[in-house]
Structure formats: structure tokens, C-alpha cells
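Below: the structure, in C-alpha cells.
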Amino acid sequence: MSAANRGHQAGAKSADQAPNAASLEWGFPNRATPAGSSAYYAVRMSTAPHRNALAALFALRAELQAIPDQVSDPGIAQIKLDWWRSEIDRLFAGEPRHPLSERLAPVVAQHPLPQPAFIDLIEGVDRVLRAHRHPDQQAQRQSDEQDLGALFELIARCEGTDADDQGQLTTARRAGGWCAQVRRIRDAGLLLRRGREVLPADQLAAARLSHEQLASADGRQRLPELLRPIGEQLHAAAPDRAKRERHPEQTQAGQDTVGQATTASQPKRRQRWDAFKAHKSGQTLSRLTPAIRVQLRLHQDLLSVLERSGFDVADQRIGLTPLRKFWLAWRA
């Protein structure tokens, strides 16, 4: 059955249909959006009609991401992930079985949400189960935009971004990818202890380390020096409107490395073009939906906190307090 037909069948279910008792637990707040969490404030600052839908989307990604952590046998974990892959097919065919999928059915119908974005969430977990290693930072960034970026795209669509506004949807994807990179820095020590990837192959080679060496107790103590330049790159690439308008030379910093020549040496025509793109980028960012703006603001502050700690993440997980999150979310 084609994706269009599946989407049509999903649309046959009314968006106003009341959830059954089993699916009520996936409303807002749920276990993926507990009070005090970043996800909670992102959903809370969205408009009331959107909150249950956004909470269900956060819950779906949380359920998928939990598979590698909760299932120690790789074969069984893969079976569980494949079940969810089939469940997404059933969701878009109008025949969901899981209470969470039943909660999502009217959401998919109302907005409507594209099935490939849901598959992208599954593929992100599949890479973890296969212990996929990225050859370079660009490939790692692309995977981040496919995984967390897919969630951000779905959020943007739920909050009213037009399906034809590809520029805005792409911006949402890139914002999700950027946030994923900040999270990887925060969780670097934990990820290494679980055998997960932190640095891609080219950065490991530059540090003359293997993944196993970096994951060792001694190797993890090198995380501050290895993560610092990545943090600097992320600061330069932060999707922050005010910063981009003040520093148009950093408009494309998300694709460039730190240390790139400034616009002082560029022709005036290039500088004017960069300034124009910075202005357009600011306009695009200003139209980001509320939940995504909150997520960006919280991750920007988290990156600053990590930087002030000296990226001391080998044996601890650094985060923001609930009060700080509330303040930032309210201002976002």
C-alpha cells in the first residue's frame, strides 16, 4: 500500500475522536514529559490545544530511544524495534494497536504528519543497535538531523507550520540536529560507558584514539580537551537570531569549522550577501514554533553551562535546574 493511501486511511479517523482509557496515560504530562524536564517546558509553553499531541510525539521517541537501554539482548532489541516499525505502518493504515499509537492516530490525521519522519526516528535507534560509527562530523550531523531533527519537524507541523514551507521545516530539522549535538556532549561519559559513539572516526584518528581507548577510564579523562573545540563550533553555529544578525559572517557556521577566515578578508559583495542571508535566517528563526524555540533556548543555555564546567562530563551528567528551565522557557 502506498504512503499516500496509508495517509488517507489514517485521515479517515476523526481528529476529534476521544482517546480511550488505555491511551490517556500518553497525554500531557506523561512519563516522557515529566514536570521539570526540558520536554515538559517545551510542551507547556505551546498552546493548550497542541500539548497532548506534542507530549505523544515526545513519548514515541522516548519509547524508541529506551529500547537499547532496556533490552540487553541485541536480537530481542531488534525484534522490538521492528515491531514498532510495523506499528507505524499500522498507524498510517488506520489500524494502530499500541495505546500510544492510538493516541497519535488523530494527530496524524489532523495535521497531517508524514510517515517518513516517523521512520527516521526508528532508523536513529537502528543505528545504535547496529553500533554504527560515523566516518566524520558531517555524517554524524546528518544523522542527528534525521533523528532528533525528525521529532522537531513533527513538532513544527503539529504547531502549525505549513506542509509547503520547506524552508521552515528544514530549519526545524537543523535545530533538532544542533540540539542533539549538545546532548551528545552532555551525555558523553555515559554514552562511552554504554559503548555508544561520541566522536566520529576522523576525530578519533586525529586524537590518535580508538573508540575502545576513548571509552576506557583513562580515555574518558581526555573528554574535556576533545569536546572543547566541538563546543566552540556549536556556539558559533547556535541558531540564535540576535547573534547571527550581529555576526553575519557566522551565518553558515553550522556547516563550517572553527578557525575559518572572517569576512574581513572577503569582498564587499560577499559581505553584503552574508548580511542578507543572516537577515533572512533571523526571519526564519523568528517563525519557529513555540516548543522548538523553548528547546533551542534551553540547549543554548545548557551548552554555556557545559562550557563553564570545562566539559567535565566524564563521570557526571550536567544539567539545568527546573527553575532555570522555567525562566528560560518563559522568556523564549
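The values are calculated or read from the model by the stated rules, or taken from the named source; none is laboratory data. Here the structure is a predicted model, which means the values were calculated and not measured. Cβ coordinates were reconstructed from backbone atoms using ideal geometry, including for glycine residues, and neighbour counts include every protein chain displayed.
Laid out as a table, the results:
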read-out: Odd one out for Pro135, checked against (1) part of a loop (DSSP other than H, G, I, E, B); (2) in contact with an Asp or Glu (Cβ under 7 Å, 6 or more places away or on another chain); (3) surrounded by 19 or more Cβ atoms within 10 Å (Cβ to Cβ); value: (3)
read-out: Restricting segment 37-75 to residues that are touching a residue at least 60 places away in the same chain (Cβ under 8 Å) and surrounded by fewer than 13 Cβ atoms within 10 Å (Cβ to Cβ), the residue that is farthest from Leu298 (Cα to Cα); value: Asp69
read-out: The listed residue being closer than 30 Å to Leu288 by Cβ and over 18 Å from the mean Cα position of the chain (by Cα), out of Asp162, Asp147; value: Asp162
read-out: Only one of Pro96, Pro116, Pro106 that is assigned to a loop (DSSP other than H, G, I, E, B), on the phi < 0 side of the Ramachandran plot and either out of contact with any strand residue (DSSP E or B) (no Cβ under 8 Å at 6 or more places or on another chain) or hydroxyl-bearing (Ser, Thr, Tyr) (or both); value: Pro96
read-out: Selected residue (criterion: modelled with the lowest pLDDT) from residues of segment 14-32 that are over 15 Å from the mean Cα position of the chain (by Cα) and crowded, with 17+ Cβ neighbours inside 10 Å; value: Pro19
read-out: Scope segment 154-187; condition within 20 Å of Ser46 (Cβ to Cβ) and of a type in the set (Asp, Glu); matching residues; value: Glu159, Asp162, Asp165
read-out: Residue in segment 61-71 that is of a type in the set (Lys, Arg), assigned to a helix (DSSP H, G or I) and within 15 Å of the chain's Cα centre (by Cα) present; value: yes
read-out: Residues of segment 163-211 that turn out to be of a type in the set (Asp, Glu) and farther than 15 Å from His134 by Cα, as a count; value: 3
read-out: Criterion: at pLDDT 80 or above and assigned to a loop (DSSP other than H, G, I, E, B) - qualifying residue of Ala314, Ala329; value: Ala314
read-out: Which numbered condition Asp162 fails, given (1) touching a residue at least 12 places away in the same chain (Cβ under 8 Å); (2) surrounded by fewer than 16 Cβ atoms within 10 Å (Cβ to Cβ); (3) of a type outside the set (Ser, Thr, Tyr); value: (1)
